1. In the list 68, 26, which residue meets the criterion of being over 30 Å from residue 132 (Cα atoms) and more than 19 Å from the chain's Cα centre (by Cα)?
2. If you scan the stretch 53-72, which residues turn out to be over 16 Å from residue 33 (Cα atoms), open to solvent by less than 20 Å² (accessible area, probe 1.4 Å) and either in contact (Cβ under 8 Å) with a residue 60 or more places away in the chain or of a type in the set (Gly, Ala, Ser) (or both)?
3. Within the set of pairs 6 or more residues apart or between chains, which connect a residue that is open to solvent by 20 Å² or more (accessible area, probe 1.4 Å) inside the stretch 265-278 to a residue that is β-branched (Val, Ile, Thr) and in a helix (DSSP H, G or I) with Cβ atoms less than 9 Å apart?
4. How about the stretch 137-165: which of its residues are open to solvent by 50 Å² or more (accessible area, probe 1.4 Å) and at pLDDT below 95?
5. Identify, please: which residue in the stretch 75-99 is hydrophobic (A, V, I, L, M, F, W, C), open to solvent by less than 10 Å² (accessible area, probe 1.4 Å) and more than 23 Å from residue 51 (Cα to Cα) and is, among those, modelled with the highest pLDDT?
6. What are the residues in the stretch 143-185 that are charged (D, E, K, R) and either in a loop (DSSP other than H, G, I, E, B) or under 22 Å from the mean Cα position of the chain (by Cα) (or both), if any?
7. If residue 239 satisfies all but one of (1) surrounded by fewer than 19 Cβ atoms within 10 Å (Cβ to Cβ); (2) under 30 Å from residue 21 (Cα atoms); (3) hydroxyl-bearing (Ser, Thr, Tyr), what's the number of the condition it fails?
8. Go through the residues of the stretch 1-18 one by one and say whether even a single one is loosely packed, with under 14 Cβ neighbours inside 10 Å, modelled with pLDDT under 95 and of a type in the set (A, V, I, L, M, F, W, C).
Amino acid sequence: MTLNALSIDVEDYFQVSAFERVSPPDTWDSREWRVAANTERVLDILEAAGNVRATFFILGWVAERCPDLVRRITAAGHEVASHGFGHQRICFLEPEAFREDIRRSKDLLEDLCGQAVTGYRAPSYSISERTPWAFDELYGAGYLYDSSICPVKHDFYGMPHWPRFDCMAVKNTEGAWCPLPSATPQCTALRSIPVSTVRVGGRNIPIAGGGYFRLFPYAVTRWGLNSINRGEEKPFVFYLHPWELDPAQPRMHGAGWKSNFRHYLNLDRTERRFVQLLKDFRFAPIREVFEIN
């Protein structure tokens, strides 16, 4: 059975990009924090499933306020990776601000977990054609891989022409970053680990987590993931947020029907589906599945 990559984006319900207009960062400290308890629930589920290990992309804001949670994740044998510090989409940041964000998060997480943090995932998968400089900053900060690209068209994110499976993001002689199957040791390169999609009707369809995991019936998700494992003989990259296991979370108001639909749909079904997913497929951290050292 194929070994797939399991990833958890550790952020709280009020930090998601869908609510960025009604929940600015200066209000976060005054809100009810549920991220620690929800992440502990994820850890318990993984332990009960046979000590399944995953990559936890932890928001620096969360790590700073919940340092024991980072230590618990590390002690359980999971990979600690960076989700940036402040959960601002990259398209709203200048390179200097992005540089400070990713380095601050990396330094903090490394101090807490006592090991190198080599992986990064942008808030809302917001590395795109509009932010080509982001790879420069990640490379300069010492990250070895990025898992920020979702190769689809979406109103918040997406690079539909990026490869569907892992590749090298390489800086060419003209200073532009482009995907290649492999790179020589002399290249300026980062490993790119896109979130998985399934090819249907000539289009890439998201199938491997988040709102799509809650939107599609589980049988559809299982079919799509099996088609990647068996039909294409590739591992897939799955992602989940701890708040998706929390149907009792406080409701955010004023974000609009689309944001509410995306965020609250089928929250009461996520845990049951996640438990079943762990029975149906094999998982490990990203750096283990793709042998990133």
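The values are calculated or read from the model by the stated rules, or taken from the named source; none is laboratory data. Keep in mind that what you see is a predicted model, and the values were worked out from it rather than measured. A quick note on method: Cβ atoms are made from the backbone with ideal geometry, for glycine too, and the neighbour counts reach across all protein chains shown. To get the accessible areas, we keep the full protein, side chains included, count just its heavy atoms, and leave off ligands, DNA and RNA. Shrake-Rupley method; radii C 1.70, N 1.55, O 1.52, S 1.80 Å.
1. Every option except 68 fails the conditions.
2. Across the stretch 53-72, the qualifying residues are 54, 55, 57.
3. 271/45; 273/221; 275/45
4. Within the stretch 137-165, 153, 154, 155, 156, 161 qualify.
5. The residue in question is 98.
6. Scanning the stretch 143-185 gives 146, 153, 155, 164, 166, 174.
7. Of everything listed in (1) surrounded by fewer than 19 Cβ atoms within 10 Å (Cβ to Cβ); (2) under 30 Å from residue 21 (Cα atoms); (3) hydroxyl-bearing (Ser, Thr, Tyr), residue 239 misses just condition (1).
8. Yes, because at least one residue in the stretch 1-18 is loosely packed, with under 14 Cβ neighbours inside 10 Å, modelled with pLDDT under 95 and of a type in the set (A, V, I, L, M, F, W, C).
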